[in-house]
Amino acid sequence: MNQFLDLFKQLLKVRPFKKAEGSVLGVDIGSSSIKVVQLRKKRGAAVLETYGEISLGPYGDVGVGRATNLGADKLAEALRDVLKEASVTTKDCGVSIPFSSSLITLIEMPDLPEGQLKEMIPIEARKYIPVPIGEVSLDWFVVPEGNNKLFSGAVSKSNKETKGSKIQVLLVAIHNETLSKYRTVLKDVGLAPTFFEIEIFSTIRAVLEQGVQPVMIVDVGAATTKLYIVEYGIVRTSHIINRGSQNITTSLSKSTGVSEQKAEQMKREMGMLGTVSGGTEGHGVSDAALAALDYIFSEARRTLIGYQKKYNRNIGTVILTGGGIILPGLLPFAQKQFETEVRHANPFSKVETPAFLEETLRSAGPEFAVSVGLALRKLHELE
C-alpha cells in the first residue's frame, strides 16, 4: 500500500536530511510543458543543482502554451531535449501523474481491521470510479481519528468498537493506461523512476507548511484549473475547471487580430497591465483576460464558500500555482476575489539556491511546484 501516497510520513515533512548525499530528479509531465528539477543533499539540506522547462506545443505542431495530447514517442523526444538543455546528470527520479488521469475522493467505511478494509475497499470503490476497476490502480489511506472527528462527528472511545463506528478513507485511483505510457517514455530516455505520484500531492509537499488551518490551492494550467482544499495534509475536496491560461491567449488573439503566438507573447509580457492596438481601437490585455479569469475565480470562490459553510471551517489562505498564474497583475486581481490572504506559491523556498537566482526562482516557482515536490520526496528515499 501507499504506492502513490505517503501522506503523513512524507507529504509536508521537509525535515533535515541525513548525511548521505546523492542527486535526484523530479519530472513533471504536464499538458503544455515538461518541467524538471534536480536536487542533491548537502550538509543536511536540499540544494538545487539544475532545473529546466520545455514547451510541448512545437512537438504537437501547436503554439507555445497550448495544451497537447502527445504520444509516447513525442513526449520522450521532448523529455530527452529538456534533460540535455538542463544538463541533468542523474537518472534517479520521481514522476508526476496528471490530476486528470486520476480520481481522489474521501469515502466512509466501517471501522474495521486493515485486512478487512483491503477486501472491502476495492468493492466500495466501484461506486466512485466511472471505468472498470481493472483499468485503474487503486491506493487508499485511512484518515487519522482526530481528522475524522472534525468532519464526521466525534466518536467516543466507549463506542469506537461498536457496529456503527465509521472512518474516512482517502481513495486514489490512477488509469493504468497513463502509467503504461509514462513507463514507456521514461524507459526510452533512460530514466529510472522509483515512484509515480499524483501532481496534487507533490504540490502540497512543495508549497504548504504544516498547519491546522485549511488552505485552498488554485493550480492554473494551460487547458484546465485545478482546485484543492487541504487540511491537516488531507485533500478534503478537489474540483477541475475547464478554463486555463490558453483561453486568455485565444481571447486576446481574437480581440486584437494577432496570431496566437503573438498573443501568447503579449500575455506573458503585459498580463493584466498592458494595452495594445488592434484593428481600429485599443484593447487592454486585461480585457481579454477577464472573461476566462472571472469564470475561474468565481468557481474557486464558490468552492471556497461552499466548503466553509459545510464544515464551519475558515479557509485562511489561497495559494496560486501553475504556469497560468505567471501573469503580470494577476495577484492583485486575485486578492480582490477572496476575503482572505492570497499569495503565489514559492516552492524554491524549501531549497537552497544561488543568491543571484533568488528573484528568478521566486517568479518561476509556481510553474515548478510539482517537480520540486517530487524531488523533495525522492531525496527522502535516500535516507
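The values are calculated or read from the model by the stated rules, or taken from the named source; none is laboratory data. All figures in this text were calculated on a predicted structure; none of them were measured in a lab. Every residue, glycine as well, gets a Cβ built from its backbone with ideal geometry; the counts of neighbours run over all protein chains shown.
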- Item | Those residues of the stretch 224-241 which are of a type in the set (Lys, Arg) and surrounded by fewer than 20 Cβ atoms within 10 Å (Cβ to Cβ), in sequence order | none
- Can you name the condition, by its number, that Leu56 falls short on among (1) farther than 20 Å from Gly324 by Cα; (2) modelled with pLDDT of 95 or more? (1)
- Filter the stretch 318-348 for residues that are at pLDDT 95 or above and more than 24 Å from Gln246 (Cα to Cα) and give the result. Phe348
- Query: Restricting attention to the stretch 336-354, does a residue exist that is touching a His at 6+ places or on another chain (Cβ under 6 Å), touching a residue at least 40 places away in the same chain (Cβ under 8 Å), closer than 28 Å to Glu269 by Cβ and outside any helix (DSSP H, G or I)?
  - Reply: no
- Note on the structure: Of (1) crowded, with 22+ Cβ neighbours inside 10 Å; (2) closer than 21 Å to Ser101 by Cβ, Leu252 fails just (2)
- Top-ranked residue of the stretch 166-191 - restricted to ones that are outside any helix (DSSP H, G or I) and at pLDDT 95 or above, ranked as farthest from Leu382 (Cα to Cα): Gly190
- Query: Considering the stretch 53-101 alone, what residues qualify as being surrounded by fewer than 18 Cβ atoms within 10 Å (Cβ to Cβ) and touching a Lys or Arg at 6+ places or on another chain (Cβ under 6 Å)?
  - Reply: Ala72
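Residue-by-condition table, conditions (1) at pLDDT 95 or above; (2) farther than 25 Å from Thr178 by Cβ:
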site	(1), (2)
Asn2	no, no
Lys13	no, yes
Leu25	yes, no
Ile29	yes, no
Val47	yes, yes
Thr68	no, no
Ala76	yes, no
- Residues of the stretch 292-315 being among the aromatic types (Phe, Trp, Tyr) and under 22 Å from Val220 (Cα atoms), which ones? Tyr295, Phe297, Tyr307
- Can you pull out the strands (runs of 3 or more DSSP E) entirely within the stretch 205-270 that have at least 1 residues that are of a type in the set (Asp, Glu)? 215-220, 225-231
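Could you list, in sequence order, all residues of the stretch 298-324 that are part of a helix (DSSP H, G or I), in contact with a helix residue (DSSP H, G or I) (Cβ under 7 Å, 6 or more places away or on another chain), surrounded by fewer than 22 Cβ atoms within 10 Å (Cβ to Cβ) and not basic (Lys, Arg)?
Filtering the stretch 298-324 down to residues part of a helix (DSSP H, G or I) leaves 298-311, 323-324.
Still in the running and in contact with a helix residue (DSSP H, G or I) (Cβ under 7 Å, 6 or more places away or on another chain): 301, 311, 323-324.
Next, only the ones that are surrounded by fewer than 22 Cβ atoms within 10 Å (Cβ to Cβ) stay: 301, 311.
Across the stretch 298-324, the qualifying residue is only Tyr311.
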- Since Gln210 meets every condition but one in (1) surrounded by fewer than 24 Cβ atoms within 10 Å (Cβ to Cβ); (2) farther than 27 Å from Lys127 by Cα; (3) at pLDDT 95 or above, which condition does it not meet? (3)
- Item | Options Lys19, Lys41; residue that is part of a strand (DSSP E or B), out of contact with any Pro (no Cβ under 9 Å at 6 or more places or on another chain) and at pLDDT below 95 | Lys41
- Asp111 being surrounded by fewer than 17 Cβ atoms within 10 Å (Cβ to Cβ) and either among the acidic types (Asp, Glu) or at positive phi (or both): no
- Return the pairs, sorted by first residue and then second, in which the second residue is assigned to a strand (DSSP E or B) and polar (S, T, N, Q), the first residue lies in the stretch 92-115 and is more than 30 Å from Gly22 (Cβ to Cβ), the beta carbons are less than 7 Å apart, and the residues are 6+ apart or on different chains. Ile104/Ser238; Leu106/Gln168; Glu108/Gln168
- Message: From the list Leu330, Leu376, Leu290, exactly one residue is more than 28 Å from Lys41 (Cα to Cα) and buried (at least 20 other Cβ atoms within 10 Å of the Cβ). Which is it?
- Response: Leu330
- Message: If I ask for residues that are outside any helix (DSSP H, G or I) and over 18 Å from the mean Cα position of the chain (by Cα), which ones from the stretch 70-101 would you list?
- Response: Leu70, Gly71, Ala86, Ser87, Val88, Thr89, Thr90, Lys91, Asp92
